[in-house]
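J.: Dumping the structure here so I can ask a few things about it.
What follows draws every value from the coordinates through simple rules; no lab data is involved. Predicted, not measured: the structure shown is a model, and the values here were computed from it. Quick reminder, even Gly has a Cβ in these numbers, built from the backbone with ideal geometry, and neighbours come from all protein chains shown.
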Number of protein chains: 2
Amino acid sequence: MLKNFREIAVETPVDKIIGQIRGLISSGQLNPGDRLPSERKLAEKLGVGRTHVRDAIAKLEFYGILKTLPQSGTIVEGIGITALEGLITDVLKLEESEFVDLVETRTLLETQAARMAAQRRTTEDIINMKNALDAYEAKVRNGLPAVEEDLLFHLTIAEAGRNTVLKSLMLIITPDIVKNFTKLDVCKDGRFYRSLEEHKVILEYIVNQKPELAANAMEEHLQDVTDYSKTLKENRD
Amino acid sequence: MLKNFREIAVETPVDKIIGQIRGLISSGQLNPGDRLPSERKLAEKLGVGRTHVRDAIAKLEFYGILKTLPQSGTIVEGIGITALEGLITDVLKLEESEFVDLVETRTLLETQAARMAAQRRTTEDIINMKNALDAYEAKVRNGLPAVEEDLLFHLTIAEAGRNTVLKSLMLIITPDIVKNFTKLDVCKDGRFYRSLEEHKVILEYIVNQKPELAANAMEEHLQDVTDYSKTLKENRD
DNA sequence: AATAAAAAATTGGTTGACCAAATGTTTTAT
DNA sequence: ATAAAACATTTGGTCAACCAATTTTTTATT
């Protein structure tokens, strides 16, 4: 019964403003290079405070859609094509993403990270990964939950992969993973122990510079979670 | 000679505040669940306006490090481990990433997107991809630059892949790709024409639901750019 | 008429004051 | 002694006024 309820959409002023700007861009009334009306004019026209307009611009600037020039104006600089419609909307709510999508993407990133780590890891990287693994083991042996230590180990692998963009993307989705892990209680008894062993295997392959073996081990390691997320989805449908 | 100059770091108040909060979290003085001092107290202590404090909190909230509860306070909710240090820093300047990292990650995401698109594309997706390809072709045939149309075609593929997270990540890195493309003038004569043919092949495989062939075609398609980015790196070193 | 200098208007950046919701404290009733 | 209600305080959210840099317009000069 509960699953028939949908979360009530609370459209904040900022969301509405973003929607309007998006509309102008996607309908072609605003093209790349064009200058946005001044914050004051926008605020007056939209009937809201300038703060809200500023917040909306700041968010869109973060995504590279807009660019603000101090004391001069705000211009459209993103890919400004009609079809942008619908795309911006989604990126603004990554947190609501399906768990299964999250896990799928994570697996992709992590598998590649493990592969690259095996190719590029330095001695220092090995130390970092070892330390993270030790911290994880310590918690597990005391019977404590170790979700964070788990992810931290994975992040050090990304670090060793020596690709800042890939690492950044992992950092972006990590909080969502943690949220879902704790909420859905993915971590049942025994999972941590088996996880620990799998971690050790992965690290072994990375240290010995076996890219494909490391990648495979990582993929298998994450397979459990994948399966679980799919089960969740089926039960809900 | 010019390459010996380094960009001068202009640390804005917001950056400094983020740095301090990061320091508190990584040094363990602030743990997940803890409440941050009120914005007023922080502003006074740091000797800056409350607006700057709010901006800093907003940014950290975006990354999932903090969570603001209206009229109540701001709490730490991210993975709050000591080793977080150094990681947050990087994610805050994705735009400065090495072009080669960007291309490498893009290839990873796009290859997977093509694979998934071939498995999951609907009839509507096919129409969208076809439209995007037509728009690209129209520009190319008129001898016009078509960087945006190019990327838009790729985004429709991601759309067809039916993974919102992966699509979001592509959207996040897309502006940086555009920036580097135009800056580095990757698109030389003839590239667009060959690119067009490759696009057609990829679309063909997706329409006919050949995941691995689509993935391979995409990888090859992006190989040119990869090679070019590596050349750039070597020349600079 | 062309150019340069100066003044006015406009811009985003910043601040402090005010608002309503949430929280903590005291008072009051049982 | 306990619980509930009333009050006061603190919180983040919002707004309007002010600031300095920029852009535009006007004016003065050649």
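J.: Taking amide H atoms as placed 1.01 Å from N in the peptide plane, list the residues 5 or more away in sequence, or in a different chain, whose amide H sits under 5 Å from that of residue B:77.
T.: Hits under the 5 Å cutoff: B:33, B:66, B:67.
J.: So how much slack lies between residue B:48 and residue B:201, counting 0.36 nm per residue of separation and subtracting their Cα-Cα distance, in nm?
T.: 49.4 nm
J.: Could you tell me the calculated FRET efficiency between residue A:41 and residue B:62, based on Cβ-Cβ distance and R0 = 35 angstrom, to the nearest 0.05?
T.: 0.85
J.: Under the Karplus relation 6.51 cos²θ - 1.76 cosθ + 1.60, θ = phi - 60°, what is the ordered set of whole-Hz ³J(HN,Hα) values for the range B:98-110, x standing for Gly and Pro?
T.: Coupling constants for the range B:98-110: 5, 4, 5, 5, 4, 5, 4, 5, 4, 4, 4, 5, 5 Hz.
J.: For the range B:13-55, which trypsin sites (Lys or Arg not before Pro) are both in a DSSP coil and crowded by at most 11 other Cβ atoms within 10 Å?
T.: Answer by residue number: there is no such site.
J.: Within the set A:59/B:167; A:200/B:167; A:41/B:59; A:67/B:59; B:16/B:59, which residue pairs have Cα atoms separated by over 23 Å?
T.: Too far apart for the 23 Å limit: A:200/B:167; A:41/B:59.
J.: Between residue B:27 and residue A:194, with labels modelled 7 Å along Cα→Cβ, what's the label distance in nm to one decimal, could you check?
T.: 4.3
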